[in-house]
């Protein structure tokens, strides 16, 4: 007799509604084991030899939710449907012409129709009020065109397409940056966009020194650059901070650090990310995601002898890298340019989920130095194993086409890896340009019996959520945190909780950032992290959170303070959630 892998009704519902394969209304996956088998068989089908053996090994990685591929992979692999298995896309450069703008809009619509989340950098569009000499009209500016994208997204979703989202970025020196920062004050505007300011090192230095900051188009240093006006850097910084304090946007991306740390520093320039921010990508770049569920690798949870099984973690990591690499060959793409970019770099984003739960099960309080050291050791092991696996894959199948071995080992991130990894890349190459990312994993973590999401701490131990059924009706589910429910099942309902049990709201924003900073050295893409801010947190102290993030080596920062426009991070009513990439979502 097999054991039901689901311990909660909501997890079974998530599988049934989102990942269970149906063909023309006929159920094909009778059980979640059938889903795992379907995905394992599809990914093993890419292998040149030993497909039956690889299928069995891949199934073992998926079984019991050890490895959680991105939602696109779970839903689409092995179905025969013409869908993308990639979660993340950044679209091509938006050319500063009417033809270029609407070509970019069309490409975005085609990508979102297949369920892909998209990112755009709108810094290429001339500011409002500029004369368009060729046709004698006045430009309306990048923000005005973002409204067209927002309407497109709403229209695509109204057709029944899978929920998608968009990221928009704008340079901190673009003349329309103030309008971009303020636009979300109106709760009816740009509801399908997440916004992030591209903050350069020069801007952060100017904020620190309280000096002038030029707003120019094109950017200072580019041909024909023109300075439109000069502001105090702190004036702009205060606008950004006030906006994100009041309504949780825009976020900030430290774009110079993102580019300096990019493994492909010699081949591409990054200016945008996917909607949740964990994958910076070049034009037409794409990435597929997966997460290792750390709760499945904790032995003797809550005991004094509790420990993480690193050998099992390494084994599953190696399989996960091979599976995600195979996704590159199995997946379809909305656009040929996306297929070309994906195949040229073979980017993957392997991360972790259930970290908050795993730390509790190990007896470590999330906001402690011991927890940060343990988390860093786990991510280091994942990273190094992933790199060694990718080197072996290169020996077996070849490196990614854009690889320049000599330049690759000179990259800032790779220079900090173990000597055997650097020498392995130099000698044999590497299969994937990038290997690690930490995504929000909201939906797939809920699928795995509600383990804590990504690297986030536990949000709440028990709450209720209302979720749409397949017939469009709302149904209310009781939701229990995985670690808390496990502890109660082992120790009883009345047993006092150990000190390791802690929820997000009890943790200082700075300790949230410290955890992100502890993992960043082992993440070559980026990290999606929500820094929870209490509603009564003083604005003066809030402002320094972002500077703290920059000073501690992070690639970006997103905070979330409950407010009248976006509400709470997790809400019971789905229709009330206006922040399109809050922590309950898997990465798009």
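The values are calculated or read from the model by the stated rules, or taken from the named source; none is laboratory data. Everything quoted here is computed from the prediction, not taken from an experiment. Don't worry about glycine lacking a Cβ; one is built from the backbone with ideal geometry, like all the others, and counts go over all protein chains shown.
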(request) Kindly check whether there is at least one residue in region 263-280 that is over 23 Å from residue 91 (Cβ atoms) and surrounded by 17 or more Cβ atoms within 10 Å (Cβ to Cβ). (result) no
(message) So if I check each of 441, 436, which one is touching a strand residue (DSSP E or B) at 6+ places or on another chain (Cβ under 8 Å), closer than 27 Å to residue 63 by Cβ and modelled with pLDDT under 95?
(response) 441
(request) Go through region 111-126 and count every residue that is closer than 24 Å to residue 191 by Cβ and part of a loop (DSSP other than H, G, I, E, B). (result) 4
(message) Filter region 40-58 down to the residues that are surrounded by fewer than 21 Cβ atoms within 10 Å (Cβ to Cβ) and touching a helix residue (DSSP H, G or I) at 6+ places or on another chain (Cβ under 7 Å) and list them by number.
(response) 41, 45, 46, 47, 51, 55, 57
(message) Among the residues of region 245-259, what is the count of those that are touching a helix residue (DSSP H, G or I) at 6+ places or on another chain (Cβ under 8 Å) and in a helix (DSSP H, G or I)?
(response) 5
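On the given criteria, is residue 508 in contact (Cβ under 8 Å) with a residue 24 or more places away in the chain, closer than 24 Å to residue 253 by Cβ, out of contact with any helix residue (DSSP H, G or I) (no Cβ under 7 Å at 6 or more places or on another chain) and surrounded by fewer than 19 Cβ atoms within 10 Å (Cβ to Cβ)?
yes
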(request) Would you confirm whether any residue within region 216-223 is crowded, with 17+ Cβ neighbours inside 10 Å and either closer than 30 Å to residue 70 by Cβ or in contact with a helix residue (DSSP H, G or I) (Cβ under 7 Å, 6 or more places away or on another chain) (or both)? (result) no
(request) Could you tell me whether residue 287 is in contact with a strand residue (DSSP E or B) (Cβ under 6 Å, 6 or more places away or on another chain), touching a residue at least 12 places away in the same chain (Cβ under 8 Å), crowded, with 20+ Cβ neighbours inside 10 Å and not in a helix (DSSP H, G or I)? (result) yes
(message) Just checking, does region 361-368 include any residue being buried (at least 17 other Cβ atoms within 10 Å of the Cβ) and touching a strand residue (DSSP E or B) at 6+ places or on another chain (Cβ under 7 Å)?
(response) yes
(request) Answer with yes or no whether residue 278 is closer than 30 Å to residue 536 by Cβ and either in contact (Cβ under 8 Å) with a residue 24 or more places away in the chain or under 19 Å from the mean Cα position of the chain (by Cα) (or both). (result) yes
(message) Looking only at region 426-441, count every residue that is outside any loop (DSSP other than H, G, I, E, B) and surrounded by fewer than 24 Cβ atoms within 10 Å (Cβ to Cβ) and tell me the total.
(response) 3
(message) Just to verify a result, which residue in region 224-246, among those that are touching a strand residue (DSSP E or B) at 6+ places or on another chain (Cβ under 8 Å) and crowded, with 20+ Cβ neighbours inside 10 Å, is farthest from residue 131 (Cα to Cα)?
(response) 244
(message) Return the residues of region 334-343 that are under 21 Å from the mean Cα position of the chain (by Cα) and outside any loop (DSSP other than H, G, I, E, B); say none if nothing qualifies.
(response) 338, 339, 341, 342, 343
(message) Please determine whether any residue of region 322-333 is within 24 Å of residue 107 (Cα to Cα), in a loop (DSSP other than H, G, I, E, B) and in contact (Cβ under 8 Å) with a residue 24 or more places away in the chain.
(response) yes
(request) Determine which member of the set 99, 64 is over 27 Å from residue 255 (Cβ atoms) and touching a helix residue (DSSP H, G or I) at 6+ places or on another chain (Cβ under 7 Å). (result) 64
(request) Determine whether residue 104 is farther than 30 Å from residue 12 by Cα, without any contact (Cβ under 8 Å) to a residue 24 or more places away in the chain and in contact with a strand residue (DSSP E or B) (Cβ under 8 Å, 6 or more places away or on another chain). (result) yes
(request) Grab the strands (runs of 3 or more DSSP E) fully contained in region 130-243, keeping just those with 3 or more residues being touching a residue at least 12 places away in the same chain (Cβ under 8 Å) and over 25 Å from residue 561 (Cβ atoms). (result) 212-217, 226-232
(request) Of all residues in region 69-92, count the ones that are in a loop (DSSP other than H, G, I, E, B) and either surrounded by fewer than 24 Cβ atoms within 10 Å (Cβ to Cβ) or in contact with a helix residue (DSSP H, G or I) (Cβ under 7 Å, 6 or more places away or on another chain) (or both). (result) 12
(request) Pull up region 295-321, narrow it to residues that are more than 13 Å from residue 350 (Cα to Cα), in contact (Cβ under 8 Å) with a residue 24 or more places away in the chain and not in a loop (DSSP other than H, G, I, E, B), then point me to the one that is farthest from the chain's Cα centre (by Cα). (result) 307
(request) Kindly provide the set of residues from region 8-39 that are out of contact with any helix residue (DSSP H, G or I) (no Cβ under 7 Å at 6 or more places or on another chain), assigned to a loop (DSSP other than H, G, I, E, B) and crowded, with 17+ Cβ neighbours inside 10 Å, ordered by number. (result) 8
(message) Conditions first: (1) surrounded by 16 or more Cβ atoms within 10 Å (Cβ to Cβ); (2) at pLDDT 90 or above; (3) in contact with a helix residue (DSSP H, G or I) (Cβ under 6 Å, 6 or more places away or on another chain). Residue 524 passes all but one, so which condition is the exception?
(response) (3)
